[in-house]
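Colleague: Structure in structure tokens, see below.
The values are calculated or read from the model by the stated rules, or taken from the named source; none is laboratory data. This is a predicted model, so every value here is computed, not measured. Reconstructed Cβ throughout: ideal geometry from the backbone, glycine too, with neighbour counts over all protein chains shown.
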């Protein structure tokens with residue numbers, strides 16, 4: 001965040017705060033296949049800095065707990081998230097329609113980041129993740145998504161009834 005100080009009609013800009021934007025890179029998954037672990041590691045390597053954090057948002061379900069990634073890199077959640085946050089879910093399961101709940105839970109427990117990236121485990125990117133994230137470094141946009149549709153494009157989508 002930009003910090004400005006006004007003293008005797010002069011404006012001083014705290015450039016440290018401009019260049020220290022803190023970002024959380026969150027990789028959402030309920031399985032730890034080699035592909036998921038490899039992608040998480042690629043993202044973690046590309047986003048490694050003092051100001052950023054990279055975490056696997058890991059959906060604990062029945063017997064899927066695995067230890068291929070250090071616990072310090074994992075933010076665990078369960079289906080309890082759908083009632084524990086006290087927001088109305090769009091259904092009884094995380095998928096489809098409620099995969100924003102883990103991001104919301106992470107935000108509520110870690111509100112001190114300027115930007116939050118949530119990347120689902122079925123996302124494929126064959127380029128350099130560092131180049132991808134750096135492309136948005138100077139963006140003033142508050143929401144970036146790879147898939148947005150107008151109502152007219154999919155009026156039967158079950159999670160919204162607004163035109």
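Colleague: Quick one: which residue in 3, 54 is within 22 Å of residue 142 (Cα to Cα), modelled with pLDDT of 75 or more and in contact with a helix residue (DSSP H, G or I) (Cβ under 8 Å, 6 or more places away or on another chain)? Lay out the reasoning, then the answer.
Modeller: On the way: 3 fails: modelled with pLDDT of 75 or more.
54 is the lone residue from the list that is within 22 Å of residue 142 (Cα to Cα), modelled with pLDDT of 75 or more and in contact with a helix residue (DSSP H, G or I) (Cβ under 8 Å, 6 or more places away or on another chain).
Colleague: What is the number of the single condition among (1) at pLDDT 85 or above; (2) within 17 Å of the chain's Cα centre (by Cα) that residue 148 does not meet?
Modeller: Condition not satisfied by residue 148: (1).
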